[in-house]
Amino acid sequence: MLTALLQPLEGFSVRLYEKRHEYSRTRMVRLAPYLVADSVESYRADHIDGDNVDAVFDPAELDEGLAFRRAIPEDLTALLRNWTMGFCPLNAIERGVSDLIDARTSNGVQRTAAVVTAEEAIAMLEPGDILIDCTGSRSLLRDHLAPRSGEAIEGANTLKIRLEYALVITFLYGQSYECNEYCKYYKNAENAQYKFIPMVNRTHYDGSVSHVTGIVNISAEEYDAMPSRFDGEWLRGNFPGVAQSMDRFIGKITEETDGAILGELEIVRIPLDLYRARNATSRQWLAAGPRDHPFAGSPVFLAGDSAIGSPYFQSISLGFECAMYLAGLIAQRDLPPRDMLDRYELYSYKQWLRVYMRSKMIKHNKDLFESIDDPLALLDKLHIY
């Protein structure tokens, strides 16, 4: 996405180093509508996020971001509009952006398929370069952005909050199906311990098939005893209690809508982590004064999951949003590097506050929902005044 945003800017050449030779991730995702918002009102039009946006961002900041959004080339904007309308496979987004980069007549992008180490990335940095790390949750450079003597310490530049362990269960259903809070409650009425919860905006009907993704909260011990990926039969044979909650919920869907599951259930067990890089840029290197380290003279940025990771599948939209802001900063030729680093750090922190508040609210509401039929347990989770 950053390559596609930077590619049309005059006077820049982009070198894109890609670890993957092909895009194989088929998980269904839905991009947030705020990515194509054309006004402050539409940007904050979310029943969870609206007040958070008003509390964290100044109106001038939002106006600046919207101004750059309006300047994004129409070929990329059209893709974003399409992806915010419903579910699509993650690899379809990856291939769509990749094909767009290759199809542009004035390319200006050098693509290299290679595994690059942190040492190699640092060594190739020359004066005048801007280095952007988009290598994901196991970021290549995150731990190198805090100046120190000796080797980088793993996790030293990361604040991480583990919210829960969960199973992510995805299936296709042959009828139209939508799920609100009443649906989640009544279909879980017989599930005392485990509750299957379709995720926020995670059902989508494409005209013939509904794509449904839900999560079930599990313990750390259950997480450790499960493989990373498996199907419904494995779950029923090894963790029948968890499987029963899932099957009861799905059974009630089929009773009400007279449809059927299409194909196999896809199940992934994951830790749901909320984290951020304490330093999202090389600002600390610049502030430390003249050094012979490349980070002291060239701007370095973390983008996407390298900078901020959020559970409940908000990360891709958050990453695209930060990519747009960063591309907008780079496009301002007269902006001094120190100001660029400072502004991106502040913006990243504000986006962290936004996603932190949203994630904590979702987690708290889930905790209350799981105890809704046990008043004493529910009161234990309430903190009033």
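The values are calculated or read from the model by the stated rules, or taken from the named source; none is laboratory data. If you're wondering where the values come from, they're calculated on a predicted model, not measured in any experiment. Neighbour counts run over all protein chains shown; Cβ positions are idealised from the backbone, glycine included. When the accessible area is computed, the model is the full protein with side chains, heavy atoms only, and any ligands, DNA or RNA have been set aside. Shrake-Rupley method; radii C 1.70, N 1.55, O 1.52, S 1.80 Å.
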Q. Considering only segment 214-269, how many residues are hydroxyl-bearing (Ser, Thr, Tyr) and more than 24 Å from the chain's Cα centre (by Cα)?
A. 3
(Q) Among the residues of segment 220-238, are any small (Gly, Ala, Ser), in contact (Cβ under 8 Å) with a residue 24 or more places away in the chain and touching a Phe, Trp or Tyr at 6+ places or on another chain (Cβ under 8 Å)? (A) yes
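Residues checked against (1) exposed (fewer than 13 other Cβ atoms within 10 Å of the Cβ); (2) under 29 Å from Thr84 (Cα atoms):
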site: Pro227; (1), (2): yes, no
site: Gly232; (1), (2): no, no
site: Val242; (1), (2): no, no
site: Val268; (1), (2): no, yes
site: Ala277; (1), (2): no, yes
site: Leu286; (1), (2): no, no
site: Pro299; (1), (2): no, no
(Q) Cβ-Cβ under 6 Å, sequence separation 6+ or interchain: first residue in segment 93-111 and under 16 Å from Tyr23 (Cβ atoms), partner exposed (fewer than 15 other Cβ atoms within 10 Å of the Cβ). Which pairs? (A) Leu100/Asp75
Q) Has segment 30-40 got any residue that is more than 21 Å from Gly86 (Cα to Cα), loosely packed, with under 15 Cβ neighbours inside 10 Å and among the aliphatic types (A, V, I, L, M)? A) no
Q) Among helices (runs of 4 or more DSSP H) lying entirely in segment 1-59, which contain 2 or more residues that are on the phi > 0 side of the Ramachandran plot and of a type in the set (Asp, Glu)? A) none
Q. How many of the residues making up segment 78-102 are open to solvent by 20 Å² or more (accessible area, probe 1.4 Å), under 18 Å from Ala37 (Cα atoms) and assigned to a helix (DSSP H, G or I)?
A. 4
Q: Taking the residues in segment 239-277 that are in contact (Cβ under 8 Å) with a residue 24 or more places away in the chain and among the small types (Gly, Ala, Ser) as candidates, determine which candidate is nearest to Arg142 (Cα to Cα).
A: Ala277
Q.
Of the conditions (1) within 27 Å of the chain's Cα centre (by Cα); (2) open to solvent by 10 Å² or more (accessible area, probe 1.4 Å), Asp334 satisfies every one except a single condition; which number is it?
A. (1)
Q: Test Ser24 against the criterion of being closer than 17 Å to Ala331 by Cα, surrounded by fewer than 17 Cβ atoms within 10 Å (Cβ to Cβ), touching a residue at least 40 places away in the same chain (Cβ under 8 Å) and of a type in the set (Ser, Thr, Tyr), and give yes or no.
A: no
Q. List, please: which pairs have Cβ atoms under 6 Å, are six or more places apart or on different chains, and start with a residue in segment 324-340 that is assigned to a helix (DSSP H, G or I) and end with one that is aromatic (Phe, Trp, Tyr) and open to solvent by 10 Å² or more (accessible area, probe 1.4 Å)?
A. Tyr325/Tyr347; Gly328/Phe68
Q.
Can you report the number of residues in segment 1-39 which are in contact with a Cys (Cβ under 9 Å, 6 or more places away or on another chain), under 26 Å from Ile130 (Cβ atoms) and modelled with pLDDT under 90?
A. 1
